[in-house]
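The values are calculated or read from the model by the stated rules, or taken from the named source; none is laboratory data. What you see is a predicted model; the values in this text were computed from it and never measured. Here the Cβ positions follow ideal geometry from the backbone for every residue, glycine too, while neighbour counts run over all protein chains shown.
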Amino acid sequence: MTNKSFIIYDGPSLIDGKPIVAIAQVGSNNRKTGGGMVQTWILRSDVDPISASRTGEDVSICGDCPHKGTPSEKSTGWAKDRTCYVNLLFAPNGIWKAYKRGSYPTAIGHDEIRAIGLGMGVRLGSYGDPMAIPPAIWESLTSAAEYVTAYTHGVNTLPHMVMSSADSELQARAAWDKGERTFRVIDHVDSVIKGKEILCPASQEAGARTTCAQCKLCGGNSIKAKSVAIVAHGASKNKAKELVK
């Protein structure tokens, strides 16, 4: 299945009921995550990712994530003050266009979806929040996977495999009190909370000494380890640093 993609869900968002699609992409050229992972892209099925960001329609796939920015009155581009590290011009936009061309087959039912993740690492929500998708889809996709990485800014209904995203120490501690592991964006390496968090080993600040495929720490409570923190990165890292101070 190397370098193939499949529709694993096409239906209403669990966040607001609007139409969304989830595409599972086998294989990755992402240097940080490493190859051999199944990446999953959660998109509005009726609006391209850039327009969805600009108009606020991305709430269907991003929920109330603070990094999605605020709607803009511009006729082009994405949301104002968007700090998400995902560049919509690349994978999300290309995958959405391919979906609209009918390029992807649909994996139907547990067995077909399970086969996509068989023996692979699976990332839930390479773009988009996995809480927008029915849990049964993720349970099927990960049921025979080697490992899972996943993150949510929403209410974490799958803590056994999903990290709770946090943008402040207060948010992180609230999640820890509920028994959840967190992935927290910080403004500086000195912000790591000793005894509770470690710096993401795949980050530049940690020397990029590994990849997500090798590390496997971001698998929710399936991993018995400290929570993970990462310094704001991506095209809008300076704005993101201001957000999480």
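Residues of region 148-160 that are under 15 Å from the mean Cα position of the chain (by Cα) and of a type outside the set (Val, Ile, Thr): Ala150, Tyr151, His153, Gly154, Asn156, Leu158, Pro159. Of the residues contained in region 13-20, one or more are found to be at pLDDT 95 or above and not in a loop (DSSP other than H, G, I, E, B). Trp78 falls short on exactly one of the conditions (1) under 26 Å from Ile8 (Cβ atoms); (2) out of contact with any Gly (no Cβ under 9 Å at 6 or more places or on another chain); (3) not polar (S, T, N, Q), and that condition is (2). Going residue by residue through region 70-84, is there one that turns out to be β-branched (Val, Ile, Thr), farther than 22 Å from Gly219 by Cβ and modelled with pLDDT under 95? Yes, region 70-84 contains at least one residue that is β-branched (Val, Ile, Thr), farther than 22 Å from Gly219 by Cβ and modelled with pLDDT under 95. Entry remark, region 117-143: residues being at pLDDT below 95 and among the acidic types (Asp, Glu) number 0 in total.
Considering (1) modelled with pLDDT under 95; (2) surrounded by fewer than 17 Cβ atoms within 10 Å (Cβ to Cβ), the lone condition that Ala240 does not fulfil carries the number (2).
To keep it simple, each residue is scored yes or no on (1) within 20 Å of Gly125 (Cα to Cα); (2) surrounded by fewer than 20 Cβ atoms within 10 Å (Cβ to Cβ); (3) at pLDDT below 95.
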{"position": "Val162", "(1), (2), (3)": "yes, no, no"}
{"position": "Gln171", "(1), (2), (3)": "no, yes, no"}
{"position": "Asp187", "(1), (2), (3)": "no, yes, yes"}
{"position": "Cys200", "(1), (2), (3)": "yes, no, no"}
{"position": "Gln204", "(1), (2), (3)": "no, yes, yes"}
{"position": "Arg209", "(1), (2), (3)": "no, yes, yes"}
{"position": "Ser222", "(1), (2), (3)": "yes, yes, no"}
{"position": "Val231", "(1), (2), (3)": "yes, no, yes"}
{"position": "Ala235", "(1), (2), (3)": "yes, yes, yes"}
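Applying the criterion of being part of a loop (DSSP other than H, G, I, E, B) and of a type outside the set (A, V, I, L, M) to the residues of region 135-160, the residue that is surrounded by the most Cβ atoms within 10 Å (Cβ to Cβ) is Asn156. Search region 103-119 for residues being of a type in the set (Gly, Ala, Ser) and in a loop (DSSP other than H, G, I, E, B), and hand back the single one that is farthest from Ile8 (Cα to Cα). The selected residue is Gly119. Screening Ala107, Ala132 for residues that are in contact with a helix residue (DSSP H, G or I) (Cβ under 6 Å, 6 or more places away or on another chain), more than 25 Å from Ser164 (Cβ to Cβ), buried (at least 20 other Cβ atoms within 10 Å of the Cβ) and not charged (D, E, K, R) leaves exactly one candidate, Ala107. Scan region 82-94 and tell me whether some residue there is crowded, with 20+ Cβ neighbours inside 10 Å, touching a helix residue (DSSP H, G or I) at 6+ places or on another chain (Cβ under 8 Å), free of Cβ contacts under 8 Å to residues at least 24 places away in the same chain and not in a loop (DSSP other than H, G, I, E, B). There is no residue in region 82-94 that is crowded, with 20+ Cβ neighbours inside 10 Å, touching a helix residue (DSSP H, G or I) at 6+ places or on another chain (Cβ under 8 Å), free of Cβ contacts under 8 Å to residues at least 24 places away in the same chain and not in a loop (DSSP other than H, G, I, E, B). Considered as a group, the residues in region 25-62 that are surrounded by fewer than 17 Cβ atoms within 10 Å (Cβ to Cβ) and at positive phi include one that is modelled with the highest pLDDT, and that residue is Gly56. Pairing each residue of region 207-231 that is touching a residue at least 60 places away in the same chain (Cβ under 8 Å) with any residue that is among the charged types (D, E, K, R) and not in a loop (DSSP other than H, G, I, E, B), provided the two are 6+ apart or on different chains, yields C-beta distances under 6 Å for Ser227/Glu197. Within this structure, Ser143 fails the test of being without any contact (Cβ under 8 Å) to a residue 60 or more places away in the chain and within 18 Å of Ser126 (Cβ to Cβ).
The residue pairs whose first member lies in region 36-53 and is under 16 Å from Ala132 (Cα atoms) and touching a residue at least 24 places away in the same chain (Cβ under 8 Å), whose second member is surrounded by fewer than 24 Cβ atoms within 10 Å (Cβ to Cβ) and acidic (Asp, Glu), and whose beta carbons are closer than 6 Å, counting only pairs six or more residues apart or on different chains, are Arg44/Glu57.
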